[in-house]
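Asker: Okay, here's the structure, questions in a sec.
Bear in mind these aren't lab numbers, they're just calculated from the coordinates by the rules spelled out. Being a predicted model, the structure only gives us computed values, none of them experimental. Quick reminder, even Gly has a Cβ in these numbers, built from the backbone with ideal geometry, and neighbours come from all protein chains shown.
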Amino acid sequence: MYSVLYVDDEPDLLELGQVFLQKYWNLSVTTVSSPEEAFHYLKISTFDIIISDYQMPTMDGITFLKNLRKSQFYEPFILFTGKGREEVVIDAINNGADFYLQKGGPPKSQFTELFNMIQKAVGKRRAELELQRVSYQSKAIINHLPDPTFAINEQRVIIAWNKEMESLTGFHELEMIGRNLSEYSQVIFGMPRLSLADYILSPEIPIQKWYYHIHSDARTVTAETQMDIGSLQDRTVWIKASPLYDEHDCTIGAIETLRDITIRKELELELQRKYEELASSYEEIAAQNEEIRASFDEIEKQKDLLLKSERKFRGFIEHLPDGVIIHHNDHIQYVNPMAAHILGYSDPAELTGVGSLDVVHPKCRDQLSYRISRTGTIENPFVKEFFLKKDGSEVPVEVAAISMPMEDSISVMTIFRDITKEFERKTALLQAQNKLNLNSAELGMTFG
């Protein structure tokens, strides 16, 4: 049921309109005889639409409309008047009226036409508000992603530029929105080049001259490249790009994320070096003394663990998921596929309605609950915690929480990534170093 504020200085017409709209279409109609009285009601109540006469003693309908917009009232507006002059119609539309209807004719047919206009105007306004809400949520998610992220439309014009991109390039979002991406490739990459977002929109362009380890499927492309990041020179960067779709699943642009993986690459090389040193140590010990042959199986196991760790590490680099969970009233309202994957669920819907802290390890719940309650006031929102997977096992994550205004309340969004591989790599390196030290000690004893 729509709520209508009907303004007219003719009491009989007010009563007639109220009767028809309430009787035949079950609308809630509040009638007032002047714009001044209408402003009084607007300050204490909310309405889906305003219907106004044009010719009134203290203020005409178009002046009323102008004053509404100046006072930040943006409800749909229908001018319902006996005046049919063309200049009145043009003036009404130019000042933001949604519809114009001239009085006259059989009441039922006239108010039927008025009701149809009400439906169209209110439906359009609600769709606009929903689009604004979705747009705000999308911008909030992009702005709080931990990696530099930007988006372009089909004309390569930048339409999103998150906080991490601001830190990376030194250019504020307001400076970049609306500009062509090709003009700023030097800013982003340190040299003129096409982006993976360009490749998403034009798959025929050659990108091998700038990127390597390129992997693509129907909807995404990932690659690695070398670039300068601020004052840091020659960094290894992992990049992922995906299409942006409209409600009809048509491509309307592309989104690209950059992540500095230089340290991870160095750890990978260090892990490989440790493995080679361990293998060399094993061969030397086996050749010098048959008595230590018993250590062969253990060294082989260590070798296998190192190889498995390396494969997992490469897999982690190639997929790097970020999970997103939205909570409302202490329950999970939305889970993205990556979050479900990290937590061991095949279907994100399995987590809908679950308590917000049920996926958090008991030892981390108090701290995470405190940080959620303080979203927006903590300088560094990212912390390392443990979440619980579907099978009850724990998974270490790096997580941040942000508040998200909804229609009439506040929801909380957590963004997290699985950091299990980081722990595994450190453990593998420590084991390899310990084994190398042990082998070196045994070798010394053999020749001592």
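Asker: Among 238, 161, which comes first, second and so on when ranked by fewest other beta-carbon atoms within 10 Å? Working shown, then result.
Answerer: Working: 238 21, 161 25.
Arranged by neighbour count, lowest to highest, 238, 161 become 238, 161.
Asker: Subtracting the Cα-Cα distance from 0.36 nm times the residue separation, let me have the gained length for residue 212 to residue 389 in nm, one decimal. Kindly include the intermediate steps, with their values, before the conclusion.
Answerer: Numbers: separation 177, 0.36 × 177 = 63.72 nm, distance 3.41 nm.
Fully extending the segment from residue 212 to residue 389 adds 60.3 nm.
Asker: Looking only at 284, 87, 224, which one moves most when the chain is put into a Gaussian network model with springs between Cα atoms under 10 Å?
Answerer: 87
Asker: Extension gain residue 283-residue 19, at 0.36 nm per residue separation less the Cα-Cα distance, in nm? Walk me through the intermediate numbers first.
Answerer: Details: separation 264, 0.36 × 264 = 95.04 nm, distance 9.78 nm.
My answer for the length gained is 85.3 nm.
Asker: Under a crude label model (7 Å from the Cα following the beta-carbon direction), how far is residue 128 from residue 382 in nanometres?
Answerer: Each label point lies 7 Å from its Cα, and together they span 3.9 nm.
Asker: Picking from 270, 113, 385, which is most flexible by a Gaussian network model of the chain using Cα springs under 10 Å?
Answerer: Largest GNM mean-square fluctuation: 113.
Asker: Any chance you could check the Cα centroid distance between the stretch 328-399 and the stretch 193-238 for me, in angstrom?
Answerer: 32
Asker: While we're on this one: For the stretch 27-169, state what percent of all Cα-Cα pairs lands in each successive 10 Å bin, counting from 0 Å until the bin that includes the largest distance.
Answerer: Percent of pairs per bin, in order: 10, 31, 24, 15, 14, 5, 0.
Asker: Right, here's the next one. Residue 367 to residue 40: FRET efficiency via 1/(1 + (r/R0)^6), r the Cβ-Cβ distance, R0 56 Å, to the nearest 0.05?
Answerer: Working: r = 50 Å, r/R0 = 0.89.
Efficiency computed from Cβ-Cβ geometry: 0.65.
Asker: While we're on this one: What's the exposure ranking of 62, 325, going from fewest to most Cβ atoms within 10 Å? If you can, show how the numbers build up before the last one.
Answerer: Numbers: 62 20, 325 25.
Ordered from fewest to most neighbouring Cβ atoms within 10 Å, 62, 325 come out as 62, 325.
Asker: Out of all DSSP beta bridges with both ends in the chain, state the antiparallel percent to the nearest 5.
Answerer: Details: 55 of 71 bridges.
About 75 percent, rounded to the nearest 5.
Asker: Give me the Debye-computed log₁₀ of I(q)/I(0) at q = 0.16, 0.17, 0.23 Å⁻¹ for the stretch 117-165, equal point scatterers on Cα only, no solvent, two decimals.
Answerer: So the normalised log intensities are -0.59, -0.63, -0.82.
Asker: Please state, to two decimals, what the Cα-based radius of gyration of the stretch 144-260 comes to when divided by 2.2 N^0.38 Å (N = residues). Walk me through the numbers before you get to the answer.
Answerer: Details: Rg = 13.3 Å, N = 117, 2.2 N^0.38 = 13.4 Å.
Computed over Cα atoms of the stretch 144-260, the ratio equals 0.99.
Asker: Hey, can you grab everything whose amide H is under 5 Å from the amide H of residue 327? Only 5+ residues off in sequence or another chain; H modelled, so Pro and N-termini drop out.
Answerer: 333, 412, 413, 414
Asker: Further, regarding this structure: Can you pull a Stokes-Einstein diffusion coefficient for the chain at 20 °C (1.002 mPa s), Rh from Kirkwood over Cα pairs, as a whole number of µm²/s? The partial results should precede the final answer.
Answerer: Details: Rh = 27.5 Å.
In µm²/s, the coefficient rounds to 78.
Asker: Want the number for residue 331 to residue 300: 0.36 nm per residue separation, take away the alpha-carbon distance, what's left? Don't skip to the end; give the middle numbers.
Answerer: On the way: separation 31, 0.36 × 31 = 11.16 nm, distance 4.80 nm.
Separation in residues times 0.36 nm, less the Cα-Cα distance, equals 6.4 nm.
Asker: Next question. How large is Rg/Rh for the stretch 229-278, to two decimals, with Cα atoms and a Kirkwood Rh?
Answerer: Working: Rg = 17.9 Å, Rh = 13.9 Å.
A ratio of 1.29.
Asker: Could I have the simple spin-label model distance between residue 175 and residue 112, label points 7 Å from Cα toward Cβ, reported in nm to one decimal?
Answerer: Distance between label points: 6.1 nm.
Asker: Let me ask another. With 28 Å as the limit, write out which pairs from 66/139; 240/384; 23/66 have Cα-Cα distances beyond it, or answer none. Please report the intermediate quantities before stating the final value.
Answerer: On the way: 66/139 31 Å; 240/384 24 Å; 23/66 31 Å.
Flagged as over cut-off: 66/139; 23/66.
Asker: Related question: To the nearest 500 deg cm²/dmol, what mean residue ellipticity at 222 nm is calculated for the chain from DSSP H runs of n ≥ 4 alone, each contributing -39,500 (n - 2.57), summed and divided by the residues? Write down the numbers at each step before the final one.
Answerer: Details: 14 runs with 201 residues, N = 448.
Calculated at 222 nm, the ellipticity per residue is -14500 deg cm²/dmol.
Asker: On to the next question. Pairs to check: 70/103; 274/435; 301/435. Give those whose C-alpha atoms are more than 18 Å from each other in this structure.
Answerer: On the way: 70/103 27 Å; 274/435 10 Å; 301/435 12 Å.
Among 70/103; 274/435; 301/435, the Cα-Cα distance tops 18 Å for 70/103.
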